[in-house]
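Participant: Next up is a structure, given as structure tokens.
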Amino acid sequence: MIIDLHTHYIDDPSALGEQLREDMLKCHVKPESWLCSEEEYLSGTAAADCAVCFGLRGSATGWAVSNARVAAFVKRHPEKYVYFASIDPLDADALDQLRFEHRSNGCRGLKLGPIYQGVHPLDERYMPLYEYCQANELPIMTHMATTFSSGVPIDYARPCHMDAVACRFPRLRIVMAHMSHPWEGEAIAVVRRNRNLYVDISALYYRPWQFYNSMRLAQEYGCTEKIFFGSDYPATTTADSIRGVLDMNKVIRGTGLPEISQSVLEDIVHRDSLAVLGIER
């Protein structure tokens, strides 16, 4: 079983605002690379047995992916894909939106991104969303890592803030995306001490030295069971991400540096992250 816990479905160019496009180009990212047709998305995630599918909404930085479009795609392919809604806490009706996506569109989790949404993770505007998700056993996937978007303090992406959230909402399952790079050490420290905190390794394999050191640290701290597989499609495909994870030790062969346990890497790729998060397929 391979579950890709982190994929984006963005098929509408209007979902990428002008500020976002400028920020992408500034960081040498082509905006078009974040767009995909339905056929391209199906092909790019073909190596997964199941994938979590979401968009992203953050008016502060120009993200405006339609939840309706993502939900409609998942309804066309319910045997493989799981829908997470994205809600912008700056919207006055944010909680009503979450209720609708949960009760009417069948979302199984919530996608957030403080550094995209311009709201500190401990801001009171997030609290009703956290409370609803905890009460309804909806896990949260949150972008806690650096990004190309500008205009929001990078501090909003620090994993230590989710440590405080996890303490306040002990039954709320939270996944911090991208192992919170470049704060992987901080992320490992907080997932190790909180039963309800996890990380995914999406979009990390193509930074091999950083990825290797992060995984060594997780292995040394004995918390690799808190790590989930994800690709960050369309940043990379599921198949390329699997290869990148399983071939991680290539970067240090011949150096005398200690390898990452191959069984640990296999376990991450094949972990049933949906079951851990309480999501029944």
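Please treat every number below as a calculation from the coordinates, not as lab data. What you see is a predicted model; the values in this text were computed from it and never measured. Every residue, glycine as well, gets a Cβ built from its backbone with ideal geometry; the counts of neighbours run over all protein chains shown.
Participant: Can you give the net charge of the other residues whose Cβ lies under 15 Å from the Cβ of Val119, counting K and R as +1 and D and E as -1?
Facilitator: Charge balance near Val119 sits at -1.
Participant: Relative to a virtual label point 7 Å from the Cα of Arg195 in the Cα→beta-carbon direction, which members of the stretch 100-140 show backbone nitrogen distances below 12 Å?
Facilitator: Nothing falls inside the zone, counting backbone N under 12 Å.
Participant: Measure out, as a whole number of angstrom, how far apart the alpha-carbon centroids of the stretch 88-144 and the stretch 157-204 sit.
Facilitator: Value for the Cα centre distance between the two parts: 16 Å.
Participant: In addition: Once you keep just the Cα pairs under 8 angstrom separated by 6 or more residues, what percentage relative contact order results for the chain?
Facilitator: Relative contact order, the chain: 20 percent.
Participant: If the viscosity is 1.567 mPa s and the temperature 4 °C, what Stokes-Einstein diffusion coefficient in µm²/s follows for the stretch 189-265 when Rh is the Kirkwood radius over Cα pairs?
Facilitator: Numbers: Rh = 13.0 Å.
Stokes-Einstein gives a translational diffusion coefficient of 100 µm²/s.
Participant: Another question about this same structure. Which length gain, in nm to one decimal place, applies between Val29 and Arg103 when the Cα-Cα distance is subtracted from 0.36 nm times their residue separation?
Facilitator: So the chain would gain 23.0 nm between Val29 and Arg103.
Participant: If amide H atoms are built 1.01 Å from N in the plane of the peptide, which residues on other chains or at least 5 residues away come under 5 Å of the amide H of Val82?
Facilitator: When sequence neighbours closer than 5 places are left aside, the close amide H contacts are Ala51, Val52, Cys53.
Participant: So if I take the alpha carbon set of the chain, get Rg, then get Rh from the Kirkwood formula, what is the Rg over Rh ratio?
Facilitator: 0.94
Participant: Can you check how the C-alpha radius of gyration of the stretch 122-281 compares to 2.2 N^0.38 Å, as a plain ratio?
Facilitator: 1.04
Participant: Hey, another quick one. Please give the contour-minus-distance gain from Ala68 to Glu186: 0.36 nm per residue of separation, less the Cα-Cα distance, rounded to one decimal in nm.
Facilitator: Values: separation 118, 0.36 × 118 = 42.48 nm, distance 3.52 nm.
Contour length minus the Cα-Cα distance gives 39.0 nm.
Participant: Would you calculate, for the chain, the mean residue ellipticity at 222 nm contributed by helices, counting each DSSP H stretch of 4 or more residues as -39,500 (n - 2.57) and dividing by all residues, to the nearest 500?
Facilitator: -10500 deg cm²/dmol
Participant: Hey, got a sec? Which GluC sites (Glu not before Pro) in the stretch 118-211 land in a DSSP loop and have at most 16 other Cβ atoms within 10 Å?
Facilitator: Glu124, Glu137
Participant: What is the antiparallel percent of DSSP beta bridges lying wholly in the stretch 3-276, to the nearest 5? Spell out each step's value before the answer.
Facilitator: On the way: 3 of 25 bridges.
Once the DSSP bridges in the stretch 3-276 are tallied, antiparallel ones form about 10 percent.
Participant: Something else about it: Amide H of Gly109: which non-local residues (sequence gap of 5 or more, or other chain) have their own amide H closer than 5 Å, using H built in the peptide plane?
Facilitator: Close amide H contacts, sequence-distant or interchain: Ala85.
Participant: What value does the stretch 39-174 have for Rg/Rh, both radii from Cα atoms and Rh as Kirkwood defines it?
Facilitator: With Rh from the inverse mean 1/r over Cα pairs, Rg/Rh is 0.96.
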